[in-house]
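Structure record follows, encoded as structure tokens.
The values are calculated or read from the model by the stated rules, or taken from the named source; none is laboratory data. Since we're looking at a predicted model, the values are computed, not measured. Reconstructed Cβ throughout: ideal geometry from the backbone, glycine too, with neighbour counts over all protein chains shown.
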Amino acid sequence: MSWDDALQAAVATTKAPAHFGWILKLSKGDTGGGYLLWMLARSANASLYDAEGNVTLDSPGVKDAVRYMVELAKRASGPGALEYKISDNFSLVNSGRTSLTEDSAAIVAAAAADSPAVAEQLDATFMPRRERVGNLMAGISVALPKGQNAEDGRRLAAFLFAEENYIPFLHTIPLFMFPALKRADNPVFYAQPTIARFRNVVDVTLKGLESASLPGMEHGINPYAAQIFNTHIIEDMFQRILVDNQPVDTAIGTAASAMTTVIRDTKRRLGKA
């Protein structure tokens, strides 16, 4: 699916004010705008940062992604986009208020549990592509057995990953957890009813993980990426464009300068400037 395909589908299915084609999450108190911009920029073979961690928000591919999101917001998102957060996605989908959204497979599982009629209309595909697909990995968790119960921690990990326990553990919340071990990627895992019903959702998720990265870290570890996203500079940029009618290039320049300042100040505090 291309950018144009997604835009056309979003516009065609918008029936304001009850239903919108793709409700963006651009609240200034959340990271929805920044994460989606990162994914779309990646699909244009662009990045918000270069390999050295410098801000590249004003690069051509990122600017195109900003303009694309602005068009989506104006034509297929409705006024609520400026207030919605990522956590609102569950209610937006389960209530049938949006046709397209960006989320994990978990949103399908939530719909299957809370709104089966909506779930029957859901499926998954890769994010809109311009040159490639921009796959975001939300988080990587590492457990380090430390303190007074280190040995108990090791035993718990061994228990969870034991062959007879691991797949039943993944099945406790289907479509929320996926195999991290090759031996669990087998017919027993896929036989669980919810997983079997939404097999394409699972396949898209596992395929996407092969080329996914943490946002802002596609070039490797970037110690400033998460900090920048949590400042909501990008969400503020979209608000200035959509609410204040600030020209896109001006808003991007202001945001890029603010991001650079955050990095510079952080480096100074860490004695790296």
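Among what's in the stretch 196-241 and is among the aliphatic types (A, V, I, L, M) and without any contact (Cβ under 8 Å) to a residue 24 or more places away in the chain, pick the residue that is nearest to residue 26 (Cα to Cα).
Looking at residues that are among the aliphatic types (A, V, I, L, M) and without any contact (Cβ under 8 Å) to a residue 24 or more places away in the chain, I get 226.
Out of the residues in the stretch 108-150 meeting the condition of being farther than 26 Å from residue 215 by Cα and modelled with pLDDT under 85, tell me which one is surrounded by the fewest Cβ atoms within 10 Å (Cβ to Cβ).
148
Would you call residue 172 in contact with a Leu (Cβ under 9 Å, 6 or more places away or on another chain), among the hydroxyl-bearing types (Ser, Thr, Tyr) and more than 20 Å from residue 26 (Cα to Cα)?
no
To keep it simple, each residue is scored yes or no on (1) more than 19 Å from residue 109 (Cβ to Cβ); (2) over 21 Å from the mean Cα position of the chain (by Cα); (3) modelled with pLDDT under 90; (4) of a type outside the set (Phe, Trp, Tyr).
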residue	(1), (2), (3), (4)
196	no, yes, no, yes
219	yes, no, no, yes
238	yes, no, no, no
247	yes, yes, no, yes
261	yes, yes, no, yes
268	yes, yes, yes, yes
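Go over the candidates 75, 42 one by one and state the one that is assigned by TED's automatic domain parsing to the domain that holds residue 97, in contact (Cβ under 8 Å) with a residue 24 or more places away in the chain and surrounded by 22 or more Cβ atoms within 10 Å (Cβ to Cβ).
Of the residues listed, the single one that is assigned by TED's automatic domain parsing to the domain that holds residue 97, in contact (Cβ under 8 Å) with a residue 24 or more places away in the chain and surrounded by 22 or more Cβ atoms within 10 Å (Cβ to Cβ) is 42.
Considering only the stretch 101-124, state which residues are within 18 Å of the chain's Cα centre (by Cα) and acidic (Asp, Glu).
The answer is 102, 103, 123.
Within the stretch 162-183, track down each residue that is under 27 Å from residue 124 (Cβ atoms), at pLDDT below 90 and not in a loop (DSSP other than H, G, I, E, B).
182, 183
Look at the stretch 83-98 and say how many of its residues are assigned to a loop (DSSP other than H, G, I, E, B) and among the acidic types (Asp, Glu).
Counting residues in the stretch 83-98 that are assigned to a loop (DSSP other than H, G, I, E, B) and among the acidic types (Asp, Glu) gives 1.
Among the residues of the stretch 50-72, is any closer than 30 Å to residue 199 by Cα, modelled with pLDDT of 95 or more, part of a loop (DSSP other than H, G, I, E, B) and assigned by TED's automatic domain parsing to the domain that holds residue 227?
For the stretch 50-72, residues closer than 30 Å to residue 199 by Cα, modelled with pLDDT of 95 or more, part of a loop (DSSP other than H, G, I, E, B) and assigned by TED's automatic domain parsing to the domain that holds residue 227: absent.
Counting residues that are closer than 23 Å to residue 103 by Cα, which helices (runs of 4 or more DSSP H) fully inside the stretch 184-273 reach at least 3?
Filter on the stretch 184-273 gives 193-197, 199-209, 225-231, 233-242.
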